[in-house]
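A.B. asks: Can you keep this structure in mind? I'll have questions shortly.
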């Protein structure tokens, strides 16, 4: 049966409408996702640390271990649009001869993670031995293999630290840094040694290409830690805070032990560093939703009423649904109380340290270099610091 002109026109019009919708819907959806992210989501700070682990870098690694919590605490006061951004840290090592040459003497130690205990544990696991340092290759790997956020309003930084010429290896550092820049990633270079030597061996050029910052530090300097009157109480509260964490799931017990181990690592460095860790544990960045039932319940990752007995931690297995919620609520309240006390002490501690801080300690260590650079580059992205 022949179709009338009216029916034919209607059919053609419908096809055109469908074709138009096929084109527009993805665009509308993408736009909606971004506007929803801007309205309800968190901003993000992503930092990739690329550390030289060749034989001469023991001092650098020790500075990274001891000053991690200080760096985290400086970032904890950052805000954007009145909200605290999420923080992700990734770690690469390069220049280690025990890593096969075909792998470029480098490896990704951990991808982007908000698990601060994990980052600390990996730093303490690093060892050094001689090898060739291929800066271009490790930057290229970090750019390609890490899951960088696509939103240009977020802060995406690479910090690469080492002491050999920046242009070693088959991968051009110039092209690797340009690749980073195209993704909105800023590459900052930290030369361990004399500043003039770093410039002569292309470290400054590596930073300049992406608009990053070049810094020289003494990796072997003894980092000055200032003991404050609040340190002992902060340490005590940090340990007390652990009692509000209840491990669940297959990896829960192991993660809880890791928490305590990183306390021990920090305490083994100094009372001041342990105090810094306690302050970090009271920040919004210290999130253990993946293994702590209190964090998981507060974030909506688990439904306490619907969890089966075998999913529950040992101390909650015989509780009915109402008892579970009451138990977790009490722990959450206790945790908030301890965190508030830590944060109040931290304000007093910061004021004390600012009074006694010496100018000479300003920029010749890894933590000072990273903190100042992150602040400057974050402010350009409209992040604010208290």
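A.B. asks: Between 278, 120, 98, which gets the highest mean-square fluctuation from a Gaussian network model of the chain, Cα cutoff 10 Å?
C.D. replies: Among 278, 120, 98, the largest mean-square fluctuation in the Gaussian network model of the chain belongs to 98.
A.B. asks: Further, regarding this structure: Quote the relative contact order of region 228-364 in percent (integer), defining contacts as alpha-carbon pairs under 8 Å separated by 6+ residues.
C.D. replies: About 34 percent, as a whole number.
A.B. asks: While we're on this one: Starting with the highest mean, order 233-241, 198-206 by the number of other Cβ atoms within 10 Å, averaged over the residues of each peptide.
C.D. replies: 198-206, 233-241
A.B. asks: Quick one: Cα centre-to-centre distance for region 308-359 and region 120-198, in angstrom?
C.D. replies: Taking the Cα centre of region 120-198 as reference, the centre of region 308-359 is 36 Å away.
A.B. asks: How high is the relative contact order of region 109-230, in percent, with contacts defined as C-alpha pairs under 8 Å that are six or more residues apart?
C.D. replies: 22 percent
A.B. asks: If you don't mind, another one. Ranking request for peptides 280-286, 260-266, 99-105: highest mean number of other beta-carbon atoms within 10 Å first, then the rest in descending order.
C.D. replies: Taking the mean over residues of other Cβ atoms within 10 Å, the ranking is 280-286, 260-266, 99-105.
Values quoted throughout were computed directly from the atomic coordinates according to the rules given, and no laboratory measurement underlies them. In this text, all values refer to a predicted model and were calculated from it rather than measured experimentally. All Cβ positions, glycine included, derive from the backbone under ideal geometry; neighbour counts span all protein chains shown.
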